Amino acid sequence: MQQTTQLRKDTHGRPALRHFARHYLEMVAAMVVGMLVLGAVTRGVLALAGAEISASRQPELASLEMAFAMAAGMGVWMRHRGHGRAGTLEMCGAMFAPLLLLFPLLWLDVLTSDSLMVLEHLMMLPLMALVMLRRRDEYGS
């Protein structure tokens, strides 16, 4: 007897994995838009006030601002796509979670301010995938 493996299909007949990956990439794009748009607004407002956030002098503040801008962009997109508050907050939490590990390493001089920002971004991506896998039915269909 021959077994056939069939990919689960979403409501539009597309394989669920493709839908999952597309959704992931949409959220990454929304994060980038949030980072660029909200980041530019933040820098503009600070410039008008005669202040700035410097990643080298205030790495914690710069990292928090970046995480907030990315979470805001992604959160707006997720709500537009019909995701609930709990799922949206979990995903936004994935933007801030790396900082719980990275800030102490920065304070202990294990990391530099430059590596903090790079690692923050690199850690967000797999954390987003884990949140999506946790809610597989919501993101894969």
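The values are calculated or read from the model by the stated rules, or taken from the named source; none is laboratory data. Every value quoted in this text rests on a predicted model; they were computed, and no experiment measured them. In this analysis, Cβ positions are derived from the backbone assuming ideal geometry, glycine residues included, and neighbour counts consider all displayed protein chains. Please note that ligands, DNA and RNA were not included when accessible areas were found on the heavy atoms of the full protein model with its side chains. Shrake-Rupley method; radii C 1.70, N 1.55, O 1.52, S 1.80 Å.
Filtered by the rule that a residue be surrounded by fewer than 19 Cβ atoms within 10 Å (Cβ to Cβ) and touching a Ser or Thr at 6+ places or on another chain (Cβ under 9 Å), the range 77-95 gives a lone residue, Arg79. A search for C-beta distances below 7 Å between a residue of the range 17-46 that is assigned to a helix (DSSP H, G or I) and any residue that is hydroxyl-bearing (Ser, Thr, Tyr) and surrounded by fewer than 17 Cβ atoms within 10 Å (Cβ to Cβ), counting only pairs 6+ apart in sequence or on different chains, returns His19/Ser141. Scan the range 62-73 and tell me whether some residue there is open to solvent by less than 50 Å² (accessible area, probe 1.4 Å), at pLDDT below 90 and over 17 Å from Leu122 (Cα atoms). Looking through the range 62-73, none of the residues is open to solvent by less than 50 Å² (accessible area, probe 1.4 Å), at pLDDT below 90 and over 17 Å from Leu122 (Cα atoms).
Entry remark, the range 96-112: residues being open to solvent by less than 100 Å² (accessible area, probe 1.4 Å), more than 17 Å from Glu65 (Cα to Cα) and of a type outside the set (A, V, I, L, M) number 2 in total. For residues in the range 51-61 being modelled with pLDDT of 90 or more and open to solvent by 50 Å² or more (accessible area, probe 1.4 Å), which is farthest from Leu125 (Cα to Cα)? So the residue we want is Arg57.
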